[in-house]
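Asks: Sharing a structure below in structure tokens format, with a few things to ask.
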């Protein structure tokens, strides 16, 4: 079970105002956040002007992943009240919201923190950050900000602000993440555009040695961001109408080139959660495509897509990310509700739930953490694949559709971030009544990770089979996976080959993208039926008929066919 913890800053009074006592208090307090400390031997930073700068984090130091699922202000309360009022006459939409509230109660137990054996009050030099160096074992956020901004005395000033209760720990951490992501990792998408010339792994962005990061436009922009961040950091000591968190949130919106209407709905919690999920570059890339080549306004094969609709969808995504309502929006928007229509309350709650499977030797198979911001980076795991700056339109279905998730694999041999992923969708059979189908695609491995993925297959199949069994849904996997699937399911006699069509209800992303369901990426604003697909399917016992929800029906006139227009084939061969 996983839980979304609210953003909590370290706002209490500190008896001693020295930097040493402050850092010690921070360590003992155990603030709730992910990747909470950056050991010196896990950071790589080159000398100014950051031409080869980089950051390397370790998941081993994670404590509690903080992702905010709702706005935390008066306007957010009004919005929620209006939403509940509008849905009084819509029972299935109410079930979606109830399922989302259940997700908010799921929790991920914090990992134990390893406090530094010795903390120095001295500001470290840049060489202290070199990978494998002998610098401090637990560098405070204020010290990192000073070193990256190359501004002597900045760290001490920030530490004293925090000690006086004028700068929360969450705000200080957000400032540091702004510096890391805009200065060290910064890429100028509005100048160099989107395309296949960008990195294909998350680590390449962190190491900041790729040509996209080191090219002159990106470095010029990063230097402008550095100067602006120095001014921002100095302004935090000044009294004003805006809190430090609000100033950081505003700066974040500017850095990602958010539209004015997006900036208006931004909350401190939403922006800090986005920074925690390392989303500055993904959001900037999606926003700045319209300022350069409109790369996302055409399919992989070059067919035109409606640019204005793509841009509107990007703005919609941004609004819900910066307001902290991204995950709730994915499941409660009208198109997403339609995609899930027909699930029982139990099935709906199980689909929305970010389930996880702990495997042998520390291997973990999981879906996105509460808040689901993980999905912005998911398609940078292996491939070669699309991502936020490579065929960005192909990422939109994962971000926008309630039917679409990704199964992620975290391997202890690669602690930096999830190292494996597979697209995971909830589709429907082409029959009446329609049955839900959990559709699993290929497992991809991060290009940079030196890991052994052979144990992953059984782990991922077990995860998906257990979810299908709990939901009473059909599981569909690649035909050659039949032998492995037989080994992990609870009802081997229910595994068979089949050649079926599936129903694709309209996409909330303007497009749909899959090499298995269709022709890579295509416009998908109408309901469609796939071509006949030969797969291995597992049909666990169906749920109790008394637990069934509204039966799904559809008119033939509302359907379009993606693939050959022949009759549905529902034949199958049982495997022994």
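Asks: Return the total of residues in segment 175-209 being assigned to a loop (DSSP other than H, G, I, E, B) and more than 26 Å from residue 143 (Cα to Cα).
Replies: The qualifying residues number 10.
Asks: Taking the stated definitions as given, is residue 185 surrounded by 18 or more Cβ atoms within 10 Å (Cβ to Cβ), at pLDDT below 95 and closer than 30 Å to residue 289 by Cβ? It would help to see each step written out before you state the result.
Replies: Details: surrounded by 18 or more Cβ atoms within 10 Å (Cβ to Cβ): yes; at pLDDT below 95: no; closer than 30 Å to residue 289 by Cβ: yes.
In short, no.
Asks: Kindly indicate which of 233, 237 is more than 24 Å from the chain's Cα centre (by Cα), in a loop (DSSP other than H, G, I, E, B) and in contact (Cβ under 8 Å) with a residue 24 or more places away in the chain.
Replies: Among 233, 237, only 237 is more than 24 Å from the chain's Cα centre (by Cα), in a loop (DSSP other than H, G, I, E, B) and in contact (Cβ under 8 Å) with a residue 24 or more places away in the chain.
Asks: Give me the pairs: first residue in segment 353-379 and free of Cβ contacts under 8 Å to residues at least 40 places away in the same chain and in the same structural domain as residue 403 (by TED's automatic domain parsing), second residue assigned to a strand (DSSP E or B) and surrounded by fewer than 20 Cβ atoms within 10 Å (Cβ to Cβ), beta-carbon distance under 8 Å, and six or more apart or on different chains, which are they?
Replies: 358/364
Asks: Sort through 180, 242, 146, 223 and tell me the only one that's within 15 Å of residue 279 (Cα to Cα) and either in the same structural domain as residue 284 (by TED's automatic domain parsing) or buried (at least 24 other Cβ atoms within 10 Å of the Cβ) (or both).
Replies: Answer to the selection: 180.
Asks: For segment 290-350, please list each of the helices (runs of 4 or more DSSP H) lying entirely inside it that holds at least 2 residues being at pLDDT 95 or above and surrounded by fewer than 16 Cβ atoms within 10 Å (Cβ to Cβ).
Replies: Numbers: elements: 307-322, 326-332, 334-340.
Those helices (runs of 4 or more DSSP H) span 307-322.
Asks: Filter segment 299-345 for residues that are over 29 Å from residue 260 (Cβ atoms) and in contact with a helix residue (DSSP H, G or I) (Cβ under 8 Å, 6 or more places away or on another chain) and give the result.
Replies: 299, 300, 340, 341, 343, 344, 345
Asks: Filter segment 360-372 down to the residues that are in contact with a strand residue (DSSP E or B) (Cβ under 9 Å, 6 or more places away or on another chain) and either farther than 13 Å from residue 410 by Cβ or crowded, with 18+ Cβ neighbours inside 10 Å (or both) and list them by number.
Replies: Matches in segment 360-372: 363, 365, 366, 367, 368, 372.
Asks: State whether the residues of segment 487-510 include one that is touching a residue at least 60 places away in the same chain (Cβ under 8 Å), within 20 Å of residue 423 (Cβ to Cβ), part of a strand (DSSP E or B) and under 25 Å from the mean Cα position of the chain (by Cα).
Replies: Yes, there is a match, as at least one residue in segment 487-510 is touching a residue at least 60 places away in the same chain (Cβ under 8 Å), within 20 Å of residue 423 (Cβ to Cβ), part of a strand (DSSP E or B) and under 25 Å from the mean Cα position of the chain (by Cα).
Asks: Now for a different question. Can you say whether residue 193 is outside the structural domain of residue 387 (by TED's automatic domain parsing) and surrounded by fewer than 19 Cβ atoms within 10 Å (Cβ to Cβ), as far as the supplied structure shows?
Replies: Answer is yes for this residue.
Asks: If I filter segment 409-442 down to residues being more than 27 Å from residue 472 (Cα to Cα) and touching a helix residue (DSSP H, G or I) at 6+ places or on another chain (Cβ under 7 Å), which single residue comes out as surrounded by the fewest Cβ atoms within 10 Å (Cβ to Cβ)?
Replies: Ranking the qualifying residues of segment 409-442, first place goes to 412.
Asks: Pick out the one residue from 546, 536 that is farther than 21 Å from residue 401 by Cα and modelled with pLDDT of 95 or more.
Replies: Answer to the check: 536.
The values are calculated or read from the model by the stated rules, or taken from the named source; none is laboratory data. It should be emphasised that the depicted structure is a prediction, and the values quoted were computed from it without experimental measurement. For neighbour counting, all protein chains shown are included, and Cβ atoms are generated from backbone atoms with ideal geometry for every residue, glycine included.
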